[in-house]
1. Only one of these conditions is not met by M186: (1) more than 30 Å from L411 (Cα to Cα); (2) surrounded by 15 or more Cβ atoms within 10 Å (Cβ to Cβ); (3) at pLDDT 95 or above. Which number is it?
2. When the residues of region 103-128 are filtered to those that are within 26 Å of the chain's Cα centre (by Cα) and of a type outside the set (A, V, I, L, M, F, W, C), which remaining residue is farthest from T90 (Cα to Cα)?
3. Being loosely packed, with under 15 Cβ neighbours inside 10 Å and under 30 Å from S398 (Cβ atoms) is the filter here; which residues of region 201-216 pass it?
4. For region 18-34, give me each residue that is open to solvent by less than 70 Å² (accessible area, probe 1.4 Å) and touching a residue at least 24 places away in the same chain (Cβ under 8 Å).
5. Given the conditions (1) surrounded by 14 or more Cβ atoms within 10 Å (Cβ to Cβ); (2) at pLDDT 95 or above; (3) of a type in the set (G, A, S), report the number of the one that A171 does not fulfil.
6. Restricting attention to region 281-294, and to residues there that are outside any loop (DSSP other than H, G, I, E, B) and out of contact with any helix residue (DSSP H, G or I) (no Cβ under 7 Å at 6 or more places or on another chain), which single residue is surrounded by the most Cβ atoms within 10 Å (Cβ to Cβ)?
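The values are calculated or read from the model by the stated rules, or taken from the named source; none is laboratory data. Computed from a predicted structure; not experimentally measured. Here the Cβ is made from the backbone with ideal geometry for all residues, glycine too, and neighbour counts use every protein chain on show. Accessible surface is based on the protein model in full, side chains and every heavy atom, while ligands, DNA and RNA are left aside. Shrake-Rupley method; radii C 1.70, N 1.55, O 1.52, S 1.80 Å.
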Amino acid sequence: MVKQKNIPALRFPTFSGGWDVKKLGAVVKINQGLQIPISERYTEQVAGSYFYITNEFLKVGSAKKFYIKNPTHSVLCTKDDILMTRTGNTGMVVTNVDGAFHNNFFKVAYPDFLCKNYLYNFLKLEKIQAQILKMAGTSTIPDLNHSDFYRIEIAYPTLPEQIIIATFLTAVDDKIRQLTKKKELMQQYKKGVMHQIFNQTVRFKDDYGNVYPAWKEVSFNEIYSFKKTNSYSRENLNYENGLVRNIHYGDIHTKFQVLFDLTKERVPFLNPAISTQNIPEDSFCREGDLVIADASEDYADVGKSIEIVNLNTEKTISGLHTLLARPDISKMEIGFGGYLMKSYKVRNQIMTIAQGSKVLSISFGRLSEIILNIPCGQEQMKIVNFLTSIDDKINSVSQVITQTQAYKKGLLQQMFI
C-alpha cells in the first residue's frame, strides 16, 4: 500500500484526499503599513480618526493608544484581516482589530478558498514561526521582507475541512481565555483581601469568636537577622546533579512562588566541582528564611522575596544578588513573612529605600530599618492558611491553563502538515 502524501496525522472523519501545498506568494498578498510621526498622532479618538495599531498595542497590559487621521486605504484593516509583525517582535500574528496599521506590520490578504482562522493558526505554528524568525535574521532588530515571507509553503485542505479545524481550535482558545480570565479575577481578589488584611480592616477571630490582640509595630531587625550569601553566577550552576541547591535572584524575579517549596520548584545545583567547605553552617537556608533579591531594573521587582517553607532536607544556599534573612521563630510563623513582604506597606517602604539609576538595589542596613506590623502567632497562622488556600486555587487554574496549552500545541503538530 502506497502511503498518500500531504495528509495530516490527525484528521476529522469524513474528510479524505491529500492537501494542496503552495508557496504563500501564490495564495496570499501582503502590504506594509504606514509610519506616522508622533507629532501627527492623537492620544484620544477624535472625529475622523482611526486607531493606530503599533507594536506597543501588543504588549500585555499596555494602556497606550494612539489615533491618526486620513490614513490611505491600503493601511486600513478590519476584524476580518490578519496582521503580522515584520520587524522587532517579528512573527506575532494579530486579528480581530480595526484601525490603521504601523509600518512594522504586514497585512495578509487571503483568497476565498482560505479560512481566516485556519490561516491565522497556520502562521502561528511553531515550525512556521521558526522559519519566519530565521528569515528575519539575527541583527539587533530582525526584519522580514516580502520575498522571504512569500517563499514559505502552506498546506491546506478544502474550505469545509479548514473551517472545522479552525472552529475546533477556536474553541480550545476560548477555553484558554476563560481560564486565564478566571485566574486574573482570582489574583485580583487575592490582592484585594491582602490589602484589607494587612491594613487590618479585616481581622481574624479565635475559635470562640474573639478578635486576637492588637498587632505590634516592630522594625525588621527586631524579627530578622541577616546571614551570609554567595555570589555564584549561572555558569557555576546546573540542573542535572550536585549536593547543594542554589537560589538565584533571577529565579526569584521570574518563577518562584512566594512560599517556596523545593519539591515544587525547579532549582539548580551548585556545580559538584565547587567546594562548599567554607560556607558557614548557619548560611545554609532554613525553613522560615526569607531570600530577598537585592537588585532589579524596576521598582516593581526591587526587594522581591520568597519565604522558604519546605527544603525537603536538601542543603540549599542563597545566591548571587540576594539577602538571606532569618526570623526569630518565637515571633514569626512559617509562611507569614512571605505574605507580609508582599503587603503594600512593606513594598512601599522597600521602593522608598531602593537606590540606583539604571539598576536599583537595597542593602541589609536599609532593610533593617523598615517597619513591620505583626499580629500574634495564632492570627498569623489563620492568615497564612487563608491566603494559601487562595494560592492553591490560583495554582490549580494555572496548571489547567498549562495543560490546555500543551494539548493545543500537540493538536497543531498533528492537524497541520
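1. Against the list (1) more than 30 Å from L411 (Cα to Cα); (2) surrounded by 15 or more Cβ atoms within 10 Å (Cβ to Cβ); (3) at pLDDT 95 or above, M186 comes up short only on (1).
2. N117
3. Taking region 201-216 and keeping what is loosely packed, with under 15 Cβ neighbours inside 10 Å, we get 201-202, 205-211, 213-214, 216.
Within region 201-216, T201, V202 qualify.
4. Step one: of region 18-34, the residues open to solvent by less than 70 Å² (accessible area, probe 1.4 Å) are 18-19, 21, 24-25, 27-28, 30-34.
Hits for region 18-34 are W19, V21, L24, G25, V27, V28, I30, N31, Q32, G33, L34.
5. (1)
6. If we filter region 281-294 for residues that are outside any loop (DSSP other than H, G, I, E, B), which is where we start, we get 281-284, 290-293.
Checking which are out of contact with any helix residue (DSSP H, G or I) (no Cβ under 7 Å at 6 or more places or on another chain) leaves us with 281-284, 292.
Values: E281: 5, D282: 11, S283: 16, F284: 19, I292: 27.
Filtering region 281-294 for residues that are outside any loop (DSSP other than H, G, I, E, B) and out of contact with any helix residue (DSSP H, G or I) (no Cβ under 7 Å at 6 or more places or on another chain), the one surrounded by the most Cβ atoms within 10 Å (Cβ to Cβ) comes out as I292.
A quick yes/no check of all residues on (1) among the acidic types (D, E); (2) in contact with a Ser or Thr (Cβ under 9 Å, 6 or more places away or on another chain); (3) free of Cβ contacts under 8 Å to residues at least 60 places away in the same chain:
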residue: T316; (1), (2), (3): no, no, no
residue: P327; (1), (2), (3): no, yes, no
residue: G365; (1), (2), (3): no, no, yes
residue: C376; (1), (2), (3): no, no, no
residue: Q380; (1), (2), (3): no, no, yes
residue: L387; (1), (2), (3): no, no, no
residue: Q413; (1), (2), (3): no, no, no
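Let's see how each residue does on (1) modelled with pLDDT under 90; (2) open to solvent by 60 Å² or more (accessible area, probe 1.4 Å); (3) under 30 Å from A47 (Cβ atoms):
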| residue | (1), (2), (3) |
| --- | --- |
| P71 | yes, no, yes |
| T85 | no, no, yes |
| M92 | no, yes, no |
| A100 | no, no, yes |
| F105 | no, no, yes |
| P111 | no, no, no |
| L114 | no, no, no |
| N117 | no, no, no |
| N121 | no, no, no |
